[in-house]
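We did not get these values from a lab; they are worked out from the coordinates using the rules stated. Quick caveat, the model's predicted, so the values are computed rather than measured. In this analysis, Cβ positions are derived from the backbone assuming ideal geometry, glycine residues included, and neighbour counts consider all displayed protein chains.
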Number of protein chains: 2
Amino acid sequence: MSHVAADLFATHRSMLDDAVEAVGSRGYFSAFPESPSPRVYGETAAADGAAAFDALLGQEFPVAAPGANGAVATEKSPYGKALDVRYPRVTADGVPDLVAAAGAGLVAWRDAGIEARVGVGLEVLKRLHARVFELANAVMHTSGQAFVMAFQAGGAHALDRALESIAYAYAEMTRVPTTAIWEKPGRDASIRMEKTFTVVPRGLALVVGCNTFPTWNSWPGLFASLVTGNPVIVKPHPGAVLPLAITVQACQEVLAEAGFDPHLVTLAAEDPADGLAAVLAVRPEVKLIDFTGGNAFGDWLEDNARQASVFTEKSGVNTVVLDSTDSFKQMCFNLAFSLALYTGQMCTAPQNLFLPARGIETDDGHKSVDDVVAGLAGALTKLVGDDARAVELLGGVVNEGVLERLERAGSGDGKVAIESRQVTHPAFADAVVRTPAVVTLEVSDRSTYESETFGPVAYLIKTEGTAESIEVFRRTATEHGAMTASVYTTDESVVASMRSAALDAGVALSENLTGQIFVNQSAAFSDFHGTGANPAANATFTDGAFVASRFRFIQSRRHI
Amino acid sequence: MSHVAADLFATHRSMLDDAVEAVGSRGYFSAFPESPSPRVYGETAAADGAAAFDALLGQEFPVAAPGANGAVATEKSPYGKALDVRYPRVTADGVPDLVAAAGAGLVAWRDAGIEARVGVGLEVLKRLHARVFELANAVMHTSGQAFVMAFQAGGAHALDRALESIAYAYAEMTRVPTTAIWEKPGRDASIRMEKTFTVVPRGLALVVGCNTFPTWNSWPGLFASLVTGNPVIVKPHPGAVLPLAITVQACQEVLAEAGFDPHLVTLAAEDPADGLAAVLAVRPEVKLIDFTGGNAFGDWLEDNARQASVFTEKSGVNTVVLDSTDSFKQMCFNLAFSLALYTGQMCTAPQNLFLPARGIETDDGHKSVDDVVAGLAGALTKLVGDDARAVELLGGVVNEGVLERLERAGSGDGKVAIESRQVTHPAFADAVVRTPAVVTLEVSDRSTYESETFGPVAYLIKTEGTAESIEVFRRTATEHGAMTASVYTTDESVVASMRSAALDAGVALSENLTGQIFVNQSAAFSDFHGTGANPAANATFTDGAFVASRFRFIQSRRHI
């Protein structure tokens, strides 16, 4: 092991140990403070990060990309800020060179061993953390997330998720010792053998990023593949390149300092028309693929990238079952927050809210469907009624598709019960900001609510009663997938039915969230994100299955 | 948990704990004695087992098989003993009923929890162990293995492999607690949540057995799937049904006693013309498939059973590199034993023996290629020169295909250096028994040695020198796969080159085996069988990847 890499492992050892312990206990843990407060990060951190970000704009981004030809600038800030960052452009013609360069360092990286690779991975996290304000700006202006969310989900929480993934990979690689003595008792003498066990990577890894969570969704797969020995090609979404370009830059920097080939992690930026992911995904050298995005390409990858293990997070119909509550106000607040947070552009945002047509019982008396609409509308007004406050929760609309779906809301089945509203951003005049719309539907309007309407459109769907609500949840989540589910009830038997349905459908369940925890959010080291048990995702952040097949143990044995 | 299942878990807890410890340390461990001696198993055990086996012959095997229609009797003993055991026949028409019956008990089995399922699995192993002599006869007369080998590989060692797989599955399921408290510190008060984590199976599992190792190769997948909550449909090879019929019977017996649906494990016997595995493998309910057998159907499964996670063990070109030795006699003995054991019908048997055309240096002086042939021939004569002793090592020829390949040996490239010999079995006049043939080839005869010649044909291939031998090993194993590799050398730099090539090709390596350990054999709890890192197999017995994707964790969370 290089001295540098050995030192890195020793430096970060206690953070790693804490993370390994946390994923086992599933208790609260975080290694990267989520508050962007100057008290935590220092008085100048925010301004320094913003300046570092601004310095990248309008420039050629300094990252090595073998096989690249020319440059692309494909990002557009939902806040209207001019970005114009140019990245080396990789096309199908450049793929052979890229693949060759990615593979060149594989053997040395493999032979460096577990601790060297994990040390490098952890050091990259430290470097990214040192640039967390710069990253937050990059995530904000590519995804449209509001600044604090970009800092948290795109920075601190993403780092925690990456650390969790490294911790899982480290635990998996060290379940078997590197050397073992095997001694079989015999009649005369025992038979003694020395065995070695070496972690060997699968091959090249490909990470395909998404527009909305370029870091949070890409880092777990990226770092799991890298520390298990696989060179990683990062293909960002053309709309959110910068956060991953910074990531690749940090990786290359640490790899080079530790004496490894920097091209073990490479950036493959493309023109959106190039269809580069599909070219890379079927290369025989690519053995691991991590993808976050829509069902169409996710399903295509699962069907066509036969030479690789494919980990996907796609989309589904996230469900809330409203049965009853002892905190009507808090329930409405919690739901409204979940609908508004990042304009409903989270793969975990609730879409289908089922409730009995006759209404629900609450601490504030019986509430009809109209009363529930009024409760939600009131909570939304408090949260996003004032433009200046609203933008900090909503962020910006990430792309035209979201806007189009919002504009179509209510044009088919059902009627718009809560209208979307245009919000003016106090700092960015050209920002595209909208509040969520709520449409009421009948349970028979299946064609409308059985597919994902990605963006700020939620459906309030009237059923015969809670039993039907749960049944429709079970069916729709099983058939169409779901990243999240939630129930509000004061009846433990309803909790039990909903838990049973959630097990059947393979969806994580949140029960009676009325405080500062929201169904859209999952906590690293404790909550699994996605389950791999329904069509919305074939993997989870993070379990053993997410890391175990990224490498193999190869042994030798000899008599001693 | 049922009281019965709770008791079973408690009863077998210490064996489980020992197994979990062993897979972590990779030291020697065995829970099931491998010696069939009366001193170990009792004076009447062998006779009782033989009688139990004989009582099954010519009968309808008593096992429930939903969807079955009529019966099949498809087995033929390589020893010529009449079997005529009839099994319920499942055809494509019966598959819907079979699948429905298999799934009926899933929810209760899931809800019973980890310890109940593991307790049942371990109790099945105990029941199978109680029938180990009966099983040994069943394995002997279907696979052709000699009795002691059938007792060990088909009985005791297979039970160890099954226990190893249950231990891995148990460790994987218990990496996450069933309940956790998550408490996030806050400015005013902390946020406290209770979380539950439930193991949820993937769906139905299908196990496709092979002719040569019906238990050893099928049990790891079967028990891993079962204890993680998946109902298992067992589709035996038509030539080796009985060992798996006994297995299914034991499973059904314990499941019923513990209050579960016995159809959680079912037998799907077929007429060879029915092609039942292909029908079952693409059923949408089937989410896990374990297969051992040839490349053609293994590759077909990987390509077509898209709805399932597929674990395959196929075939490859197992390689020995001969460079030099300090124990020429022992080397020849060890190699001859590996070639003769079960007539080379092991997926791990060596096929390609590379050596320098100029010969090798040994403790007995320089040995030319002809000297090495003579050494091997001498060792084979000692091992299999006497018919009565030979049959205990060779066993019988499992099927016509093996015989045909043996008869074709030397008809193409190369010349037969050691002839195969017909052996007369002292106890079974109709037994088909052959000694191995060795054919010498040039390194240019690629078309002959680059594919598997399953059975007792080995190639002694002349190269320019050890560097070329290693290079050809690296290339052939990478392109065509290998289950095993072995090297003989007195030069540590050759060991290092060979280890490096083995890491590149993803093959386990045995070094200088000159004693009672043979390259064909892998020890449960310590040696990985297959690697999943080359085309011969996409999985291994057993690592985390073999078990981790057989279930998912589904969580719930609520404030407390």
Practice task
Quick one: angle between helix A:3-25 and the longest Cα principal axis of chain A, in degrees between 0 and 90, rounded to 10, please.
Solution key: 40
Exercise for the section: Enumerate the calculated ³J(HN,Hα) couplings along region B:340-346 in order (Karplus 6.51 cos²θ - 1.76 cosθ + 1.60, θ = phi - 60°), each rounded to whole Hz, writing x wherever the residue is Gly or Pro. Expected result: 7, 3, 6, 6, x, 8, 9
Practice task
For an R0 of 25 angstrom, estimate the FRET efficiency from the Cβ-Cβ distance between B:Glu400 and B:Glu450 and round to the nearest 0.05.
Solution key: 0.55
Exercise for the section: Quick one: compute the contact order of region B:279-400, relative version, from alpha carbon pairs under 8 angstrom and 6+ residues apart, as a percent. Expected result: 23
Handout entry: Calculated P(r) tail over 20 Å for region B:141-202, as whole % of Cα pairs
Key = 59
Practice task
Show that you can apply the helix-only estimate: for chain A, add -39,500 (n - 2.57) for every DSSP H stretch of four or more residues, divide by all residues, and state [θ] at 222 nm to the nearest 500.
Solution key: -12500 deg cm²/dmol
Exercise for the section: Take the alpha carbon gyration tensor of region A:74-123, find the square roots of its eigenvalues, order them as a ≥ b ≥ c, and report rounded if a/c is under 1.5; if not, report prolate when a/b exceeds b/c, else oblate. Expected result: oblate
Practice task
Please give the net charge around A:Ala505, taking every other residue with its beta carbon less than 12 angstrom from that of A:Ala505, where Lys and Arg add +1 and Asp and Glu add -1.
Solution key: +1
Practice task
List the distances, in nm and shortest first, from the label point of A:Gly515 to the matching label points in every other copy, placing each point 7 Å from Cα along the Cα-to-Cβ direction.
Solution key: 6.1
Fill in the blank from the handout: Here the whole-number average of other chain Cβ atoms within 10 Å per Cβ of A:16-25 is 1
Practice task
Just the number, please: Stokes-Einstein D of region A:433-560 in µm²/s, Kirkwood Rh from C-alpha pairs, 20 °C, 1.002 mPa s.
Solution key: 126
Fill in the blank from the handout: Note on region A:14-107: alpha-carbon gyration tensor, axes a ≥ b ≥ c; rule is a/c under 1.5 for rounded, else prolate if a/b larger than b/c, else oblate; result oblate
Fill in the blank from the handout: Of all DSSP beta bridges having both residues in region A:319-511, the percent classed as antiparallel (nearest 5) is 25
Exercise for the section: Compute the label-point distances linking B:Glu194 to its equivalents in the other copies; points lie 7 Å from Cα along Cα→Cβ; give nm, one decimal, shortest first. Expected result: 5.3
Fill in the blank from the handout: Least to most buried among A:Ser315, A:Ser190, by other C-beta atoms within 10 Å and fewest first, runs A:Ser190, A:Ser315
Practice task
Evaluate E = 1/(1 + (r/R0)^6) for B:Ala71 and A:His559, where r is the Cβ-Cβ distance and R0 equals 45 Å; express this FRET efficiency to the nearest 0.05.
Solution key: 0.35
Practice task
Within the set of other residues whose C-beta is less than 15 Å from the C-beta of A:Gly203, count the net charge using Lys and Arg as +1 and Asp and Glu as -1.
Solution key: +3
Exercise for the section: Run the numbers on region B:344-440 and let me know its relative contact order in percent, using alpha-carbon pairs under 8 Å that are six or more apart. Expected result: 22
Practice task
Just grab the label-to-label distance for B:Ser411 and A:Ala256, each label 7 Å out from Cα along the Cβ direction, in nm (one decimal).
Solution key: 6.3
Completion exercise
Taking every other residue with Cβ under 10 Å from the Cβ of B:Ser324 and scoring Lys and Arg +1, Asp and Glu -1, one gets -4
Problem - 3J(HN,Hα) from dihedral phi, region B:153-166, Karplus parametrisation 6.51/-1.76/1.60, rounded to Hz, x for glycine, proline - result: 5, x, x, 4, 5, 5, 5, 4, 5, 5, 5, 4, 5, 5
Problem - Two-site FRET efficiency, B:Asp97 against B:Asp299, from Cβ-Cβ distance with R₀ of 25 Å, rounded to 0.05 - result: 0.25
Fill in the blank from the handout: With Cα coordinates, the longest principal axis of chain B makes an angle with the long axis of helix B:45-56, in degrees rounded to 10, of 80
Exercise for the section: Compute the length gained on full extension between A:Ser35 and A:Lys382: take 0.36 nm times their separation in residues and subtract their Cα-Cα distance, giving the result in nm to one decimal. Expected result: 122.6 nm
Fill in the blank from the handout: Here the correct list, in nm and shortest first, of distances from A:Ala273 to the same site in the other copies, label points 7 Å along Cα→Cβ, is 5.9
Handout entry: Antiparallel DSSP beta bridges within chain B, percent to nearest 5
Key = 40
Problem - Filtered GluC sites (Glu not before Pro), region B:30-69: DSSP coil and at most 11 other beta carbons within 10 Å - result: B:Glu43
Practice task
Please arrange A:Ile114, A:Ile461, A:Ile181 by counting, for each residue, the other beta carbons lying within 10 Å of its beta carbon, fewest first.
Solution key: A:Ile181, A:Ile114, A:Ile461
Problem - Phi-based couplings in Hz for region A:133-140 (Karplus 6.51, -1.76, 1.60; Gly and Pro marked x) - result: 6, 4, 4, 4, 5, 5, 5, 4
Exercise for the section: Give me the number: length gained by fully extending A:Ala6 to A:Thr178, i.e. 0.36 nm times residue separation minus the C-alpha to C-alpha distance, one decimal in nm. Expected result: 60.3 nm
Exercise for the section: Hey, can you grab everything whose amide H is under 5 Å from the amide H of A:Tyr459? Only 5+ residues off in sequence or another chain; H modelled, so Pro and N-termini drop out. Expected result: A:Asn352, A:Leu353, A:Val439
Fill in the blank from the handout: Residues whose built amide H sits under 5 Å from the amide H of B:Ala269, excluding neighbours closer than 5 in sequence, are B:Val90
Handout entry: Relative contact order, percent, chain B [alpha-carbon distance under 8 Å, six or more residues apart]
Key = 17
Practice task
Hey, can you grab everything whose amide H is under 5 Å from the amide H of A:Ala71? Only 5+ residues off in sequence or another chain; H modelled, so Pro and N-termini drop out.
Solution key: A:Arg89
Completion exercise
Using alpha carbon positions and the Kirkwood radius, the Rg to Rh ratio of chain B is 1.00
Handout entry: Per-selection Rg to Rh, region A:319-511 - Cα, Kirkwood hydrodynamic radius
Key = 0.96
Exercise for the section: Using the number of other C-beta atoms within 10 angstrom as an exposure proxy, rank B:Arg192, A:Arg117 with the fewest first. Expected result: B:Arg192, A:Arg117
